[in-house]
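Chemist: Can you read through this structure? Questions will come right after.
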Amino acid sequence: MAIDGLVILDSTGRPIVQSGFRSTSPAYPLLHIEALNDALSKAPRPADADPVLYVPNTGIDGPSACCHVKRGELRFLGLMSGDTDPLYVFAFLETFISILRDYFGQLSAETLKENFDVVYQLLEETLDAGGHPSTTSINALKDIVLPPSLLSKVLSVAGVSGLASPGTNSHPFASPIPWRKVGVRYNSNEIFFDVAEELKAVVNKNGGIIVSSVWGKVHTNCRLSGTPDLLLSFSNAQPLTDCSFHPCVRLQRWSRDKNLSFVPPDGRFILMEYKYTPGGVHHVAVPFALKASVDCEVNGGSFDVALTSRLTTKVLENMNVELYLGEGATSASCVVSNNTSWNFDPRTRILHWNIKAVSPSSSFSLKGTFSSTAEQPRPSHAFRARFEIPQHSFSSLKVDQLKITGEMYKPYKGVRGRSTGDVEWRW
Amino acid sequence: MAAQGGQDAKFFQRGKIQEFRAELQAAEAKDKKFTKRKTVLKKIVANITMGNDMSPLFTDVVQCLAEQIHLVIPSFLQDCNDRNPLIRALAIRTMSYIPIPVVTEALTEQLRHCLKDRDPYVRKTAAICVAKLYTADPRKAEKGGFVEMLRDLLLDSNATVVSNAVAALSEIGDRQDGVIFKLNLTVANKLLAALGESSEWGQIYILDSLLRYVPERHTDAELMAERIIIHLQHANSAVVLTTIKILLYLMNYMENRKLMDYICKKMGPPLVTLLSSGPEVQYVALRNILLIIQRRPSVLKNDVKVFFCKYNDPIYVKLAKLEIMYRLAREENAREVLAELQEYASEVDIDFVRKAVRSIGRLAIKVQPAADACIQALLDLIETKVTYVVQEAVIVIKDVFRRYPGKYEGIIPTLCENLDALDEPESKAAMIWIVGQFANRIDNADELMDDLTYTFMEEPVEVQLALLTAAVKLFIYKAQSDTSKALVHKVLKWATEEVDNPDLRDRGFMYWRLLAINPTVAGEIVLAEKPAITTDSDRMDRGALDQLLLHTGTLGSIYHKNPETFIRNAAGKALTDSPALNPLSRQVLVPLSRPNIPPAIHVPGPGPPPPREASVSPVPPTAKPAPPAPPQTGDLIGASSSADTLDGEGENEHESGEHGDEDSLASPSGSADPYANLDNAFGSYLADEPKPQADDHLTRLF
C-alpha cells in the first residue's frame, strides 16, 4: 500500500515536477508519462481517458498503473503498483493539490517552476520515500515548510536553512491535536460557516423528475484563538443523511444527537458534507421548467427552447443552458429574449445560452438553427442547465447555536447559505 | 537546500548530457567549497524536473559524490543526536535513502536509538526507516531485532507512531521474503484504539492491517465491525472504502444475521456519497460497487436510480453505471431501468449506445415479466434503421429466442427485413443462427441462405461456422428442397476442401459424416432441444468473489482480477480458515500459495500414488503479467463445480431467501443448473471491460 511517486505535467504533457522514484528504474516515470499522453491522444475526448490507466509494460519494473487528475492546465499523476488503493492515490493527489493551492494561490506551470524548491520540500514532507503519505495537515506543514513569501524573508536574515527555526512555543508536532497548531492568536475571534448546496437532477422530456438529489457542504473559515472546543447544533438536522465529516468531528456525538462537537483546524476547511433527503416527498423540486423541441434535418436542424422560473420570490442567477450539437456541428444562429445572450463554441460544439438573472415567474426563449457537416446530425438528447441561487438553501438547514468551551472569549459567528444547480433536461 | 529561494528558475535551461558530464568532471578540481559541484547538480536536478532524462549521468554523479559520503557520515551522526527532533528525524530519513553499505551500517546503530526516541516525530520517522533498511538488507534488519522493535511500536502511546509501524510491518510482510505480519485479537484491539487519533492516512494503514487478523469467534468479528463502522462517515474516500473492505471481510466470520443486515444497510449511503465526487473517484467506486453487490445484493438494492447516467458523464463512468443498473434490475424496477436504457439508445456515443441496446436484451433475459416490454423496445430500435443499433439488437434477440423458446419467433420476419444492414461478424453470425434455427418458420429461408452463402469464402471464420451449421439445419428442415440440398453440398465442400481453418474443416467433416451415415439421427443431434440461456452464469464465482473482495478499493477491484497476477509488487490475499469462518465461504475457499514455495514434486515409484495435495497450488503460483481480462467466470473456477458444492449449504447461512444475500447463491443450484456451462453467453457483453479483449467467438453454435 504505497504510492510509487507523483508527477506533475504541464498543458503540453511535459513533466515539470516529479518525486523521487527511488525504488524503480529511471525509465519508470517516463514510461507512465508516455502511456498517459498516448491514452489521452487516443481518447475521443481527453476526459474519456481511463482515470486508472493500466501500464502493462514498464520495462524491468513490471506492470503498474497510473491514476491521473487534471486541475487547471496541470495534470497530476500518481503512479502505483502492488495492492494499492486507487482511491488512496486520488485522495492523496487531491490533498497535495489543495496544499499547493494554499501555498501558491493559483496553480500554474509557471508558479511551480518559480517555487520548485518549495514544491520539492512539500513533496518530501507529504510523501516519504517509501510512498507513504505523512504530514498533510496544512497547519503542521507550515511549521516545517515555510510558504514562499515568508521563506525568502527568513532566508535573507538567517541565510542558510529552508527549515523553519523551531521557536520555543511553535515546536512542530508539539500540538496534541494533529490538525491544529498550538498558540494561535487572533485579535478578533470569528468563525464563518458557508452552507453550499448543489442540486443535481435529471428530468425527462415531460418535466418529470427521474433523479434529483441535493448535496451540501459546510465550508468553514475559523479564525479563533487558542484551542476552542465547539458544539454546533442545527434546528433541523434530521433530513441530512449520508453525512461525512472532517476528522476533527467527534462521530459518536453526531450519531447520538446530531450535534457537531469538534476542535476546529485553523483557517479554511470543510466541516461536513451531506445529502439532503426531504421527508415525505420523493424529490427536491427543480426550480425552473424547460420546454424544448429540437428537429434534425439533413446537415443541420432547428430548436426552440423556453425557460420559465418556478420560484416565487428568489432569483435564479447566472443561468447557463447548454446543448451539445453533435459531431460535425459547425455553426448556429439564434434569436433570444432580451437580457440573455448565446454563443456557439465550434471547438466543443456546444451551444451556450446565458441568462444573468431569471426573476420569479419570468420566461425566456431561445430559437435558432444550426448547421453541421454530418448528414444526420446527432445532437445530445439533453440540455444541461446550471444556475445559482444566492442566500438560499434547498434544505433550509439552520444553525441553532454554537457553544464554545475551553476559551473565554465570545466569537463572532457568521452563517450563510448559497445554492447551485446542475440539471440535465432531456428532450 | 534552496539557497536562492524563488530564483532557481535560472537553472531551468535545457542542457546536454555531454555538457553536464564535462562540467561535473571540471567541477571536481579546485572546488573546496563544493560551489561548482552544487551548481552543476542543481542544473541537473532542474533538467530532471523538466523531464529531461538525466539517467546516463547517474554514475558520474555518484562518482562526484561517492568519496564524500564517508565525510558526510559523521555529520549525519551528529545530526542524529541534535537537540531538535526535526533534525534528528531528517538525518535518519536521509540516511535511509542511501542504500550504500557504509551508510546502512551507520544507520543501523542510530535507528535503534531513534525508535526509542522521546519525540514521537522521530519515532514515527524511524518506523518507516526500518522498512527502508529492510529493503536494503533484510537479514541485517531481522538479526538486528528491528522487526520486534516495530512490533513494540504497535503499542506506542502516539497514534501516528502506531500507524507508521503498521505501515512498515505491512510493507515488510508483503515482501515475498519478508517476515509475515499477523495480528492477534489483543494487538488488533490496541490498533483500533489508536484509530481515532490517527491521521487519515494512518487510519487507512491501521484499517487495512485488520485483514491480517483472523477472527476465531463470531463475536470477535462482530464486535470489531461495530467499532469500525463509524468510519464510514469519514470525509476521505479512501478511508471509507477501506472500512467497507474490512466490514466485508469481517462479515465472512459473522453469525449474527441482524448485524450483517445492518452493516449492509450502512454500507449503501457512503458508497452513494462517493458518487457525488469527481469522475475519477466515481469510477473506482463504481467498479467496487459492482463487486460488492454481487456478494451482498442487499447493499444498494433499492438505489438503482443513483446509477442512471448523465449524458456528460465520461464514457468509463457510463459503462460502469450501465453494468450496475443491469445487476440491480429486478421486477420492481425493470420499467424504470428499461426507460433509461431506451433513452441511452438514442445517445451520441456509439459505443455506449451499443451497450445500452445489449443491456435491453439482457434485461429481457434476466427479468421475465419485463421481457415483453424489452422486446417491443428492441423492435422500436430496429425501426430506427441505425445500422449499429440494428446489429446489436439482432445479437441480443438471438439470446432472447433461446431464453424464451416458442414465445417471440413471430418477430423473425422483421429481423429478416434488416438482413442487409448487418455487416459485422457477430451480428451476421447471430442472424444466420436465427435463419438456420427457425428455417421451418421462414418461408424463404433457402433463398436467404443462398444469398448469405454467396460471400462464404470472404467471411470471417465465425460467420463461416454459423453458415455451415445453418446450412445443415436448413437441409434437415427442408430435405426435399433442391436449393437446400445444393446449398448444404456446396457449403460442406467449401468447408472441407477450400478452407484452411481446422475448426471449420473438422466441423464440416463431422456434419458430412453425420448426414451420410444417418440423416435422421443427424437431425436429432443438430436440432436437439437447446438449453435455455439463464443469467445465473454471468455472476462471478463465489470463492473468487470472496477473494477479490479482500482487495476492495485496490487495483484488483478495478480490473476484477487478483492483483498478484497483473501488477508488480502485489501480494495475493485469501480468506483464512478459522472456526468462525462461515461454512459456505469455507467450501469455496481459494487458498493462497506463497509464490516462493516450490510445488511439491511427485517422483513416481512403487506403491500407490500419494494423494494429491489440494491445498498446494490451485492458484497458479507464477504471477503471470497478463493484462487484466474481464471478469469471466470462465477463467475462474467453473460455475458448475461451485454450484455442486453449494448444495444444502443454504440453511447455515440464512434462514430465508429474503436477505437476498449472495450467501444464498446455493438456492438455484438445487435444480442442478444444466446451463452453467454457458458461462460465456455474455462474455463480450461486459460493458465495463477496461481493456480490449480477445474476440469471443460464437463457439456454441448448435
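Chemist: Report the label-to-label distance for A:Asn259 and A:Glu297 in nanometres (one decimal), using points 7 Å from each Cα along the Cα→Cβ vector.
Modeler: Taking the two extended label points, one gets 6.9 nm.
Chemist: If R0 is 22 Å, what FRET efficiency do you get for B:Asp500 and B:Tyr454 from their C-beta distance, rounded to 0.05?
Modeler: That gives a FRET efficiency of 0.60.
Chemist: Still on this structure, I have one more. Pairs of alpha-carbon atoms within less than 8 angstrom and 6+ residues apart define the contacts here; what relative contact order does segment A:5-136 have, in percent?
Modeler: Details: 180 pairs, mean separation 30.6, N = 132.
Computed value for segment A:5-136: 23 percent relative contact order.
Chemist: Taking the Cβ of A:Asn318 as the center, what net charge do the other residues with Cβ under 9 Å away carry, scoring Lys and Arg +1 and Asp and Glu -1?
Modeler: Charge balance in the 9 Å sphere: 0.
Chemist: Pop out the ³J(HN,Hα) list for segment A:390-402 in order, Karplus 6.51 cos²θ - 1.76 cosθ + 1.60 with θ = phi - 60°, rounded to Hz; leave Gly and Pro as x.
Modeler: In residue order, the calculated couplings are x, 6, 9, 9, 5, 8, 6, 4, 10, 7, 7, 7, 10 Hz.
Chemist: Can you give the FRET efficiency for A:Asn320 and A:Ser359, using 1/(1 + (r/R0)^6), R0 = 25 Å, r = Cβ-Cβ distance, to the nearest 0.05?
Modeler: Numbers: r = 17 Å, r/R0 = 0.67.
Given R0 = 25 Å and the Cβ-Cβ separation, E is 0.90.
Chemist: Follow-up question, since we're still on this one. Suppose every K and R has +1 on its Cβ and every D and E has -1 on its Cβ; what is the size of the dipole of segment A:288-390 about the Cα centre, in Debye to the nearest 20?
Modeler: 340
Chemist: Between B:Ile230 and B:Lys385, how high is the FRET efficiency from 1/(1 + (r/R0)^6) when r is the Cβ-Cβ distance and R₀ = 51 Å? Nearest 0.05. Display every interim value, and only then the final one.
Modeler: Numbers: r = 56 Å, r/R0 = 1.10.
The computed FRET efficiency comes out at 0.35.
Chemist: Where does chain A land on Rg(C-alpha)/(2.2 N^0.38 Å)? Please report the intermediate quantities before stating the final value.
Modeler: Values: Rg = 25.5 Å, N = 427, 2.2 N^0.38 = 22.0 Å.
In units of the 2.2 N^0.38 Å rule of thumb, it is 1.16.
Chemist: Using θ = phi - 60° and the Karplus form 6.51 cos²θ - 1.76 cosθ + 1.60, what ³J(HN,Hα) does each residue of segment A:301-316 get, whole Hz, x for Gly and Pro?
Modeler: x, 9, 8, 9, 10, 10, 10, 10, 7, 9, 7, 10, 10, 9, 9, 7
Chemist: All other residues with a Cβ under 14 Å from the Cβ of B:Glu331 taken together, and with Lys, Arg as +1 and Asp, Glu as -1, what is their net charge?
Modeler: That sum, taken over residues with Cβ under 14 Å, equals +1.
Chemist: Could you tell me which residue out of A:Leu122, A:Ser25, A:His68 lies farthest along the dipole of segment A:5-136 toward its positive end? Charges go on the beta carbon: Lys and Arg +1, Asp and Glu -1, centred on the Cα centre.
Modeler: Toward the positive end, the furthest listed residue is A:His68.
Chemist: Testing the spin-label approximation: label points 7 Å from Cα along Cα→Cβ at A:Glu110 and B:Asp443. State their distance in nm.
Modeler: Between A:Glu110 and B:Asp443, the simple spin-label model gives 7.7 nm.
Chemist: Could you list which residues have their amide H under 5 Å from that of B:Tyr213, counting only those 5 or more apart in sequence or on another chain, with H placed in the peptide plane?
Modeler: Those lying under 5 Å, H to H, from B:Tyr213 are B:Leu183.
Chemist: Give me the extension gain from B:Glu148 to B:Leu77: residue separation times 0.36 nm, minus the current Cα-Cα distance, reported in nm with one decimal. Please report the intermediate quantities before stating the final value.
Modeler: Numbers: separation 71, 0.36 × 71 = 25.56 nm, distance 2.38 nm.
Extra length available between B:Glu148 and B:Leu77 comes to 23.2 nm.
Chemist: Between A:Ser98, A:Ser371, A:Ser255, find the one with the highest GNM mean-square fluctuation for chain A; connect C-alpha pairs within less than 10 Å.
Modeler: Taking springs between Cα atoms under 10 Å, the residue moving most is A:Ser255.
Chemist: Could you let me know the centre-to-centre spacing of segment A:322-344 and segment B:110-177, using Cα atoms, in angstrom?
Modeler: 62
Chemist: Please compare each pair in B:Lys182/B:Lys318; B:Lys318/B:Lys428; A:Lys314/A:Lys413; B:Lys258/B:Lys366; B:Lys301/B:Lys385; B:Lys182/B:Lys258 to a cut-off of 31 Å on the Cα-Cα distance and tell me which ones are over it.
Modeler: B:Lys182/B:Lys318; B:Lys301/B:Lys385
Chemist: Sticking with this structure for a sec: Points 7 angstrom from Cα along the Cβ direction at B:Leu419 and B:Asn302: gap in nanometres?
Modeler: Using points 7 Å along Cα→Cβ, the separation is 5.2 nm.
Chemist: Around A:Pro411, under 14 Å between beta carbons, what's the net of Lys plus Arg minus Asp minus Glu among the other residues?
Modeler: +1
Chemist: Projected onto the charge dipole of segment A:288-390 (+1 at Lys/Arg Cβ, -1 at Asp/Glu Cβ, origin at the Cα centre), which of A:Ser361, A:Gly300, A:Thr312 gives the Cα projection farthest towards the positive end?
Modeler: Working it through, the farthest residue towards the positive pole turns out to be A:Thr312.
Chemist: If ligands, DNA and RNA are left out, what is the accessible area of B:Arg507 with a 1.4 Å probe, given in Å² to the nearest 10?
Modeler: About 40 Å², ignoring ligands and nucleic acids.
Chemist: If you rank A:Thr340, B:Thr35, B:Thr453 by how much accessible surface each has, with a 1.4 Å probe, what is the order from largest down?
Modeler: Ranking A:Thr340, B:Thr35, B:Thr453 by accessible area, largest first, yields B:Thr35, A:Thr340, B:Thr453.
The values are calculated or read from the model by the stated rules, or taken from the named source; none is laboratory data. Treat the numbers as computed from the prediction; the structure is a model and nothing was measured. In this analysis, Cβ positions are derived from the backbone assuming ideal geometry, glycine residues included, and neighbour counts consider all displayed protein chains. In case anyone asks, the SASA skips ligands and DNA or RNA and just uses the protein heavy atoms, side chains included. Shrake-Rupley method; radii C 1.70, N 1.55, O 1.52, S 1.80 Å.
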